[in-house]
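The values are calculated or read from the model by the stated rules, or taken from the named source; none is laboratory data. A quick note: this is a predicted structure, and the numbers were derived from the prediction, not measured. Every residue, glycine among them, receives a Cβ derived from its backbone with ideal geometry; neighbour counts consider all protein chains shown. The area values use the complete protein model at the heavy-atom level, side chains included, leaving out ligands, DNA and RNA. Shrake-Rupley method; radii C 1.70, N 1.55, O 1.52, S 1.80 Å.
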Amino acid sequence: NGQMITLYDRGGHIPLLWTHLIPATFEGRATHNVQNAMFAAAMAFSLGMKLDAIRQGLRTFDSTFFQAPGRMNVFSEHPFKVLFDYGHNAHAVGMLADLAGRLDVSGRRIVVLAGPGDRRDEDLVAIAKAVAGRFDHYICRRDDNLRNRATDEVPRIQAQALRDLGVPDNAISVIPDEQDAVDAALRMGASGDLLLIFADALARSWKQITKFKPSKQQPVQAASSGLGAHAKAVIHSDLSAPAPAEAAPEFNLEGLIRDERGIRMAPEIGD
């Protein structure tokens, strides 16, 4: 019937909430946020919070830019979908790449990748390794703060790491400047594509995404093309049958995560 977060306390067995009813888990597909919800529930319960308060907290916290800027924010107002995150280490990048693979995508998967300049070379390579083979196109960039690196050093290290891991050269773009890299990804995006953008300047990059105007000449990706063999979505079988007691909300990235009353959280930030 799905996955249930359950509290065990002194022999007591307390079913708390279906994971697909927690917006921040993307219907249970974002397994790292299922883990975060479990820890939050355990801590709140241990502090004496009532079960209904814990359930309400989990049901009403979502991953919009307003509640969690740079944490799995989704923008769906373009012909393609954008998943936006601040991931700056291999583990975080890998979890988002895993989520991108679980989402239903009819077109290509495109990633904008980076790493902080003060990380070791092997850390930058590990970030590249976390996404290698999972996307159809890779755009390598750097942060504004070079942290004693050369202007294009970080993206070139990661681009070479991708090549060494078997990614073809024509699937890699090196665009050092963050704004240029995000713009290139947005212009590359076609109908049905998913763009995973790892950003550093969060407010600037989010505004760049929300204000982007796709050109009328922007290509339309056929639903049956553009997916490499490595990029097909895989959904775990244990998520295929939602609980009969409470129907799972439909998740197709059309619009942002909705709160319990079905009100869309507008993806806009101020000037």
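Odds and ends about this structure:
- With respect to (1) open to solvent by 40 Å² or more (accessible area, probe 1.4 Å); (2) closer than 14 Å to Phe75 by Cα; (3) among the polar types (S, T, N, Q), the lone exception for Ser205 is condition (1).
- Among the candidates Thr60, Thr6, the residue that is of a type in the set (Ser, Thr, Tyr) and touching a strand residue (DSSP E or B) at 6+ places or on another chain (Cβ under 6 Å) is uniquely Thr6.
- Residue in segment 116-136 that is among the aliphatic types (A, V, I, L, M), in contact with a Leu (Cβ under 8 Å, 6 or more places away or on another chain) and either within 17 Å of Met72 (Cα to Cα) or open to solvent by 50 Å² or more (accessible area, probe 1.4 Å) (or both) present: yes
Here's the yes/no breakdown for (1) at pLDDT 95 or above; (2) hydroxyl-bearing (Ser, Thr, Tyr); (3) surrounded by 19 or more Cβ atoms within 10 Å (Cβ to Cβ):
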| site | (1), (2), (3) |
| --- | --- |
| Met49 | yes, no, no |
| Asp52 | yes, no, no |
| Phe66 | no, no, no |
| Met72 | no, no, yes |
| Phe75 | yes, no, yes |
| Gly94 | yes, no, no |
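- Verdict on Val125 being in contact with a His (Cβ under 8 Å, 6 or more places away or on another chain) and at pLDDT 95 or above: no
- Scanning segment 35-47 for residues that are in contact (Cβ under 8 Å) with a residue 12 or more places away in the chain and open to solvent by 20 Å² or more (accessible area, probe 1.4 Å) yields a count of 6.
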